[in-house]
1. Scanning the range 232-247 for residues that are open to solvent by less than 10 Å² (accessible area, probe 1.4 Å) and either assigned to a loop (DSSP other than H, G, I, E, B) or of a type outside the set (Lys, Arg) (or both), which turns out farthest from Trp197 (Cα to Cα)?
2. May I ask you to verify whether Gly152 is away from the ligand (no atom under 14 Å from the Cβ) and in contact with a strand residue (DSSP E or B) (Cβ under 9 Å, 6 or more places away or on another chain)?
3. Considering the range 143-152 alone, what residues qualify as being in contact (Cβ under 8 Å) with a residue 40 or more places away in the chain and either open to solvent by 20 Å² or more (accessible area, probe 1.4 Å) or aromatic (Phe, Trp, Tyr) (or both)?
4. Just need a number here: residues in the range 193-213 that are more than 10 Å from the ligand (Cβ to nearest atom) and open to solvent by 60 Å² or more (accessible area, probe 1.4 Å).
5. Restrict the check to the range 245-256 and report whether at least one residue is of a type outside the set (Lys, Arg), near the ligand (Cβ under 9 Å from one of its atoms) and touching a Phe, Trp or Tyr at 6+ places or on another chain (Cβ under 8 Å).
6. List the number of the failed condition for Lys78; all other conditions in (1) open to solvent by 20 Å² or more (accessible area, probe 1.4 Å); (2) basic (Lys, Arg); (3) within 16 Å of the chain's Cα centre (by Cα) hold.
7. Pick out, from the range 121-183, the helices (runs of 4 or more DSSP H) lying fully within it that include 1 or more residues that are under 15 Å from the mean Cα position of the chain (by Cα).
8. Which ones in the range 283-298 are open to solvent by less than 70 Å² (accessible area, probe 1.4 Å) and over 19 Å from the mean Cα position of the chain (by Cα)?
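The values are calculated or read from the model by the stated rules, or taken from the named source; none is laboratory data. Because the structure is a prediction, the values reported are computed rather than measured. Please note: Cβ atoms are built from the backbone with ideal geometry, for glycine as well, and neighbour counts cover all protein chains shown. When the accessible area is computed, the model is the full protein with side chains, heavy atoms only, and any ligands, DNA or RNA have been set aside. Shrake-Rupley method; radii C 1.70, N 1.55, O 1.52, S 1.80 Å.
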Amino acid sequence: MGTAVSAEPERARAEDFERTIAADERIEPRDWMPDAYRATLIRQIAQHAHSEIIGMQPEANWITRAPSLRRKAILIAKVQDEAGHGLYLYGAAETLGASRAELLGKLHTGRHKYSSIFNYPTLTWADVGAIGWLVDGAAITNQVPLCRCSYGPYARAMVRICKEESFHQRQGYELLHTLARGTGAQRAMAQDAVDRWWWPSLMMFGPPDDASPRTAQSMAWKIKRHTNDELRQRFVDICVPQAEALGLTLPDRDLRWNEERGHWDFGAVDWDEFRAVLSGGGPCNEQRLDQRRRAHEEGAWVREAAAAYAAKHPAGADR
Ligand code: FAQ
């Protein structure tokens, strides 16, 4: 009897959840949700937030060496935007009951992943352009569908993030466009950057569909709207004509228009490299995490001062 009484509201709440998902409406923080849905969102949003703040490092490497004041100002603004994206995303994860301190702890101890792409080095100024064009381009392709994610706070954070990412993508494209029309050495630098960033950008979409353990359930919950391979293909289709317009080549001999499919065929991604980077063996994994931990430790006094200020001035007290 006792079980029947407590199981009934539980079943009704689960049905309500399923109805909301089926109707393409949003789940909000106070709504009931299955534990696994909550855990999946915390995992994905946290990995995304970590990627934004770790992703500040490769580009920040070029702030002091940007070739003009205008380029420096643009780059500083972009890197600041990435910090803001991290903030919105940690905020969205907090609505699910995961504190920022706990999530950062998991990043710093290697228990949480961040995007594989940020474990590659930025060797030349052209890398800033290649990151904007390809990495932000891949991020937008992946993230625009997340604006329709079933979890309200994540979907709303993504709307603003995508607007900013689209500005980032254009600045990268414009930077490469300038280099591609510059001296022979500048053109060669742009081409070299595209050669190095192309394949890692394709890896950003995650493993192929037949090796992606999370996709089926995340699509059933309408967290993901497309599979990893669908989005990877969309990205390739967008990039090929853009590369042509830039006058740069993509480093893939198998790129060929497939009339029947209406898409570009492309070569095999090196999934061994992807797995190696994910398990800590990329060129910069160690450097990125060391730098992140150091920044966190050096920022301790700022967090303490902010907490002391907040304790003295409770929200709304001075209004
Ligand atoms: N790197 O079954 P799936 C940016 C993990 S933001 C590392 O396919 P899922 C902006 C995956 O988490 C870039 N790990 O998993 C910017 C899972 O791990 P787990 C970040 C990866 O979740 C630009 C396991 O492999 N964007 O760039 C990667 O359904 C410039 C199995 O994979 C987001 O996070 C990878 N590439 O699909 C900032 C977008 N791929 O937890 C600065 C939101 C997969 O089971 C400068 N996230 N994994 O141990 C997503 O859309 C999804 O989580 C996917 C993966 C598509 C990344």
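1. Looking at the filtered set, the residue picked out is Leu246.
2. Details: away from the ligand (no atom under 14 Å from the Cβ): yes; in contact with a strand residue (DSSP E or B) (Cβ under 9 Å, 6 or more places away or on another chain): yes.
When the stated conditions are applied, Gly152 passes them.
3. Arg148, Tyr151, listed by residue number.
4. 3
5. Filtering the range 245-256 down to residues of a type outside the set (Lys, Arg) leaves 245-252, 254-255.
Of the ones still in play, those that are also near the ligand (Cβ under 9 Å from one of its atoms) are none.
Taking every residue of the range 245-256 in turn, none turns out to be of a type outside the set (Lys, Arg), near the ligand (Cβ under 9 Å from one of its atoms) and touching a Phe, Trp or Tyr at 6+ places or on another chain (Cβ under 8 Å).
6. Lys78 satisfies all of (1) open to solvent by 20 Å² or more (accessible area, probe 1.4 Å); (2) basic (Lys, Arg); (3) within 16 Å of the chain's Cα centre (by Cα) except (1).
7. Working: elements: 126-130, 136-143, 152-180.
In the range 121-183, 136-143, 152-180 are the helices (runs of 4 or more DSSP H) which contain 1 or more residues that are under 15 Å from the mean Cα position of the chain (by Cα).
8. First, pick out the residues of the range 283-298 that are open to solvent by less than 70 Å² (accessible area, probe 1.4 Å): 284-285, 288-290, 292, 295-296.
Result: Asp290, Ala295, His296.
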